[in-house]
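Down below is the structure, laid out as C-alpha cells.
The values are calculated or read from the model by the stated rules, or taken from the named source; none is laboratory data. Being a predicted model, the structure only gives us computed values, none of them experimental. Glycine gets a Cβ as well: all are built from the backbone with ideal geometry, and neighbour counts include every protein chain shown. Only protein heavy atoms, including side chains, enter the accessible area calculation; ligands, DNA and RNA are left aside. Shrake-Rupley method; radii C 1.70, N 1.55, O 1.52, S 1.80 Å.
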Amino acid sequence: MSRSADEISPLEFLQLVAEPHRWRLLGELTRSDRRVGELSELLGGPQNLVSYHLAELRRAGLVSARRSSADGRDNYYRIEPQRCGEFLRSAGAALQPGLRLVPLPSEPVKISGRRAPRVLFLCTGNSARSQMAEALLDHLSGHQIRARSAGSHPKQLQPNAVRVMAERGIDISGRPTKHLSRFARTRFDRVITLCDKVREACPEFPGQPTTAHWSIADPAVEGDKGDDTYPVFLRTADDLANRIELLIAQMTAYERRAS
C-alpha cells in the first residue's frame, strides 16, 4: 500500500530516488511500461533485486503495476509522473521556497525539423484507446506532430470514445478504424503500443522507429464489468492525455537539442 505524500518527507523522497537502481528504474519507466524481466535485463541485475526496488517505489506511489491482459501471470510497471512531479516540487520548496519547481507554461509545439515527426498508436480494435491517443496527440501538439492509429483486429468505433473526445472539443466521429497492415510500409519516428496483446505481436516497421509500450486496459472491456461504462472511458482519456503531454515535452526537447 502506498503512503500519502504527507507521510513522506522531501528528504525521504530524495533518499529513495537517489539509490542508483531506483533512479535507473524510474528513467526506464519514463520511456515505456515494462515487465520485471525486461527491467532486469536493462539494469543487468537479478529479478529479485529489481522486484525489491520496484516494491519500494510502489510504496511511495511513484510506480504502479497493472496485470497484463496478454499474460495474466505477469505485471506491467509504469511511472506515476504526477506523483513524481509533486515530490520534486515539494523537495525544491523545502530547500528554499524560491526553488519550487513549477510546470512549464503551455506553449505551441515548435518542430524545427524538415518534416513533422510521425507517431503510430496501436491497439487491438482501433476502436477506443488508439483513436483517442491519435486525436489527443494531434490536438495537443497543435497539429505539429502527425499521429496515426491502427489495430490488429479493427472493430467499430466506440460511442463512448467519441463522447469523451467531443467533451474535449475533439471530433473523432468520422474517423475510420484501420488495420495495422495499412501502415506496413510507412516510416514512423515512434510506434507506441497501448494493448498488451498487440505488443506481443507488433510487426517491425521500416526505419527502426523508437518503440514504447503503454499498458492501458481496454475501456470497453473494463466497462463491461459495471453498469456505467462512461467513467472508464473518461479515466482512459485522462491517462492518455497525461502521457501524451509528457511525450510532446520529450519530443520537443529532443528537437531543441538537435537544432
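Among the residues of region 161-179, those that are touching a Pro at 6+ places or on another chain (Cβ under 7 Å) and either of a type in the set (D, E, K, R) or open to solvent by less than 60 Å² (accessible area, probe 1.4 Å) (or both) comprise 177, 178.
Beta carbons closer than 7 Å, at least 6 apart along the sequence or on distinct chains, pair a first residue in region 164-184 that is within 10 Å of residue 126 (Cβ to Cβ) and assigned to a loop (DSSP other than H, G, I, E, B) with a second that is open to solvent by 70 Å² or more (accessible area, probe 1.4 Å) and among the charged types (D, E, K, R) for 177/155. Which of the residues belonging to region 185-221 are touching a residue at least 40 places away in the same chain (Cβ under 8 Å), open to solvent by 80 Å² or more (accessible area, probe 1.4 Å), out of contact with any Pro (no Cβ under 8 Å at 6 or more places or on another chain) and charged (D, E, K, R)? Listed by number, the residues that qualify are 197, 200.
Looking for something closer than 23 Å to residue 234 by Cα, open to solvent by 10 Å² or more (accessible area, probe 1.4 Å), in contact with a His (Cβ under 6 Å, 6 or more places away or on another chain) and assigned to a loop (DSSP other than H, G, I, E, B) - is there at least one such residue anywhere in region 116-134? Looking for residues that are closer than 23 Å to residue 234 by Cα, open to solvent by 10 Å² or more (accessible area, probe 1.4 Å), in contact with a His (Cβ under 6 Å, 6 or more places away or on another chain) and assigned to a loop (DSSP other than H, G, I, E, B), one finds at least one in region 116-134, hence yes.
For region 23-35, the candidate set comprises residues that are under 20 Å from residue 195 (Cβ atoms) and of a type outside the set (D, E, K, R); within that set, the residue that is farthest from the chain's Cα centre (by Cα) is 29. For region 47-58, the count of residues that are part of a strand (DSSP E or B) and in contact with a Leu (Cβ under 9 Å, 6 or more places away or on another chain) is zero.
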